[in-house]
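Shown next, in structure tokens, is the structure this report addresses.
The values are calculated or read from the model by the stated rules, or taken from the named source; none is laboratory data. Treat the numbers as computed from the prediction; the structure is a model and nothing was measured. Here Cβ is always computed from backbone atoms with ideal geometry, including for glycine, and neighbour counts include all displayed protein chains.
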Amino acid sequence: METKLEHRCECGEETEEEKLARIAQIAEDFKGQEGSLIQVLHLAQAIYGYLPLHVQQLIAERLEIPLSEVYGVTTFYSFFSTKPRGEYTIRVCLGTACYVRGGAEIVKKLSQQLGIEVGGTTPDRKFSLEVMRCIGACGLAPAVMVNDTVMRQVNPDKLNRIMEMCS
Ligand code: FES
């Protein structure tokens, strides 16, 4: 049973400076705490949408850690992105259970339907397509995530409904 897709906030957009100031403040607040880098990166990505180099640099400065450490984490974890993403990020699980139950076919179908490769974003910035490792929903494979919503037992029919919900 999947939950409803989140609604996008429709209040006024923050300026670039405001976003960076908020990220800087968050990093200051987390400085010195265990596991702070991952938490700050999550929050920064939620604020900025992705993690370009200048945002990583800001975080490194405020947490007083090397940029290489920040860069290593952002590039290691697939849920961090250094490139702008679409309004909807569709992630298809390619863990073993999902793979054998059609995960690869889902990737192929989405790639054709959206006209982008894995890792790509549609020109209108509506959709990004990614793959991920097991998210622990193997019993109801194949699983697909749309932003933060997990869709289970995805079949072609369900895939079309997902696309309609996002349109
Ligand atoms: S393999 Fe996809 S949820 Fe576990």
Q: For the stretch 76-96, name all the residues that are closer than 15 Å to Met145 by Cβ and within 11 Å of the ligand (Cβ to nearest atom).
A: Arg91, Val92, Cys93, Leu94, Gly95
(Q) Given the criteria outside the structural domain of Ala21 (by TED's automatic domain parsing), more than 17 Å from the chain's Cα centre (by Cα) and within 16 Å of the ligand (Cβ to nearest atom), does Gly102 qualify? (A) yes
Q) Of all residues in the stretch 119-167, which are over 29 Å from Thr75 (Cβ atoms), assigned to a loop (DSSP other than H, G, I, E, B) and away from the ligand (no atom under 16 Å from the Cβ)? A) Ser167
